[in-house]
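**Q** Okay, here's the structure, questions in a sec.
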Amino acid sequence: MLYEFCAENLTNVESALKAGARRIELCDNLAVGGTTPSAGVIEQAVALIHKHEGATVRAIIRPRGGDFVYSKAEFKAMETDIRYAGANGVDGVVIGCLKRNGSGDGFELDREGTERLVKVAQSVGEMRGRELGITFHMAFDALDPQTELDAIDVLVELGVDRILTHGGAAGTPIEDNLDRLKACIDRAGSRLVILPGGGITYENAPAVASALGVTELHGTKIVRL
C-alpha cells in the first residue's frame with residue numbers, strides 16, 4: 001500500500017515519511033483546499049523528501065482558492081509554476097481545470113486548459129530526461145457521475161496518470177462514496193490510477209483499501225504522526 005500524505009508546506013513532512021508515507025502532495029493553504037507552494041518550500045521539500053528511499057513529491061499547481069475555472073493570466077501563472085517545480089526536482093504536479101457546462105448550472109472538464117498544462121508538464125519531463133507525473137485533483141468531484149466517467153477517458157488520452165477523488169461532495173463520509181469510487185476504478189481500469197482521498201485516515205484506510213481493491217490512498221491523516 002502506498003500512502004500519499006497531503007502536507008501544508010513543510011509541516012509534518014518528515015514525521016509523515018518516518019510514519020510510512022511514500023508520496024507527499026505538497027500544498028500551501030489547505031484551508032482553501034490547497035494552493036501552489038512557494039519556490040523556497042518546493043526546493044526545501046524536494047531536498048528533504050528525496051533523502052528518504054523511495055519517497056516522491058508532487059506539488060499542487062493552483063493559483064488561488066475557490067472554483068477551478070481559470071483566466072488567461074492564471075493559466076500563464078500555472079504554466080510558469082509547473083516549469084519551476086519540474087526544474088527544481090518535483091516528481092509530479094497536481095492540476096485541475098474545469099469550465100461551466102452548456103446550461104451554466106454545473107461544470108465539465110476543461111479539456112483545452114488541462115491539455116495545455118499537461119503539455120507543459122510533459123515538455124519539462126522531456127527536457128530534464130525524467131517524466132513528470134500528473135495528477136488531476138479533487139476538482140474532479142465537482143463533476144456529476146456520468147460526466148466523471150467520460151472525463152476519465154479524456155484524462156487518459158491527455159496523459160494524466162492519476163485522479164485524486166473523494167467520490168462525492170467534500171465532507172461526505174468516504175464510506176458513502178464507495179460505489180461511485182468503484183465505478184471510476186472500473187472505468188479507468190489499468191489506464192490510470194484512481195487515488196481515493198478525503199476522510200481517509202490511518203484508522204479506516206485498511207477497510208477502504210479492501211473495499212475498493214486499491215493500492216494507493218491519500219490524506220492529511222493517512223499515517224499516524
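The values are calculated or read from the model by the stated rules, or taken from the named source; none is laboratory data. As the structure is a prediction and not an experimental result, all values here were calculated from the model. As a convention, Cβ positions derive from the backbone with ideal geometry for all residues, glycine included, and neighbour counts pool all protein chains shown.
**Q** Going by the structure shown, is Gly106 surrounded by fewer than 17 Cβ atoms within 10 Å (Cβ to Cβ), closer than 23 Å to Gly34 by Cβ, modelled with pLDDT under 95 and touching a strand residue (DSSP E or B) at 6+ places or on another chain (Cβ under 9 Å)? Steps first, please.
**A** Numbers: surrounded by fewer than 17 Cβ atoms within 10 Å (Cβ to Cβ): yes; closer than 23 Å to Gly34 by Cβ: yes; modelled with pLDDT under 95: yes; touching a strand residue (DSSP E or B) at 6+ places or on another chain (Cβ under 9 Å): yes.
It is true that Gly106 is surrounded by fewer than 17 Cβ atoms within 10 Å (Cβ to Cβ), closer than 23 Å to Gly34 by Cβ, modelled with pLDDT under 95 and touching a strand residue (DSSP E or B) at 6+ places or on another chain (Cβ under 9 Å).
**Q** Would you check if Ile134 is crowded, with 23+ Cβ neighbours inside 10 Å, in contact with an Asp or Glu (Cβ under 7 Å, 6 or more places away or on another chain) and either β-branched (Val, Ile, Thr) or outside any helix (DSSP H, G or I) (or both)? Step through it out loud before you land on a result.
**A** On the way: crowded, with 23+ Cβ neighbours inside 10 Å: yes; in contact with an Asp or Glu (Cβ under 7 Å, 6 or more places away or on another chain): yes; either β-branched (Val, Ile, Thr) or outside any helix (DSSP H, G or I) (or both): yes.
Answer is yes for this residue.
**Q** Pull up the stretch 156-176, narrow it to residues that are surrounded by 20 or more Cβ atoms within 10 Å (Cβ to Cβ) and closer than 18 Å to Ile95 by Cα, then point me to the one that is farthest from the chain's Cα centre (by Cα).
**A** Step one: list which residues in the stretch 156-176 are surrounded by 20 or more Cβ atoms within 10 Å (Cβ to Cβ), which gives 160, 162-167, 174.
Among the residues that remain, those that are also closer than 18 Å to Ile95 by Cα are: 160, 162-167.
Values: Val160: 10, Arg162: 7, Ile163: 6, Leu164: 5, Thr165: 8, His166: 11, Gly167: 14 Å.
Ranking the candidates gives Gly167 first.
**Q** Next question, about the same structure. Tell me the strands (runs of 3 or more DSSP E) entirely within the stretch 158-225 that contain at least 1 residues that are in contact with a helix residue (DSSP H, G or I) (Cβ under 7 Å, 6 or more places away or on another chain) and touching a residue at least 60 places away in the same chain (Cβ under 8 Å). Steps first, please.
**A** On the way: elements: 162-165, 193-196, 216-219.
Counting at least 1 such residues, we get 162-165, 216-219.
**Q** Here's a follow-up. State the number of residues belonging to the stretch 210-225 that are under 18 Å from the mean Cα position of the chain (by Cα) and farther than 22 Å from Leu155 by Cβ.
**A** Here is the first cut: in the stretch 210-225, the ones under 18 Å from the mean Cα position of the chain (by Cα) are 214-223.
Narrowing the set further to residues that are farther than 22 Å from Leu155 by Cβ leaves 220-223.
Residues meeting the conditions: 4.
**Q** From the list Leu143, Leu149, Leu109, exactly one residue is without any contact (Cβ under 8 Å) to a residue 40 or more places away in the chain and farther than 21 Å from Arg83 by Cβ. Which is it? First the steps, then the outcome.
**A** On the way: Leu143 fails: without any contact (Cβ under 8 Å) to a residue 40 or more places away in the chain; Leu109 fails: without any contact (Cβ under 8 Å) to a residue 40 or more places away in the chain.
Unique residue meeting the criteria: Leu149.
**Q** So which of Gly125, Gly113 ends up being closer than 21 Å to Val57 by Cβ and in a helix (DSSP H, G or I)? So that I can check it myself, show each step before the final result.
**A** Numbers: Gly113 fails: closer than 21 Å to Val57 by Cβ.
Going through Gly125, Gly113 in turn, just one is closer than 21 Å to Val57 by Cβ and in a helix (DSSP H, G or I): Gly125.
**Q** Name the residue that is surrounded by the fewest Cβ atoms within 10 Å (Cβ to Cβ), counting only residues in the stretch 182-211 that are farther than 20 Å from Gly33 by Cα and among the hydroxyl-bearing types (Ser, Thr, Tyr).
**A** Ser190
**Q** Could you identify the single residue in Asp153, Asp141, Asp179 that is in contact with a strand residue (DSSP E or B) (Cβ under 9 Å, 6 or more places away or on another chain) and either buried (at least 18 other Cβ atoms within 10 Å of the Cβ) or more than 24 Å from Pro63 (Cα to Cα) (or both)? Spell out how you get there, then give the answer.
**A** Values: Asp153 fails: in contact with a strand residue (DSSP E or B) (Cβ under 9 Å, 6 or more places away or on another chain); Asp179 fails: in contact with a strand residue (DSSP E or B) (Cβ under 9 Å, 6 or more places away or on another chain).
Going through Asp153, Asp141, Asp179 in turn, the sole match is Asp141.
**Q** Right, next: Working only within the stretch 70-101, note down all residues that are closer than 17 Å to Glu148 by Cβ and of a type outside the set (Lys, Arg). Walk me through it before giving the result.
**A** Let us first name the residues in the stretch 70-101 that are closer than 17 Å to Glu148 by Cβ, namely 95-101.
Listed by number, the residues that qualify are Ile95, Gly96, Cys97, Leu98, Asn101.
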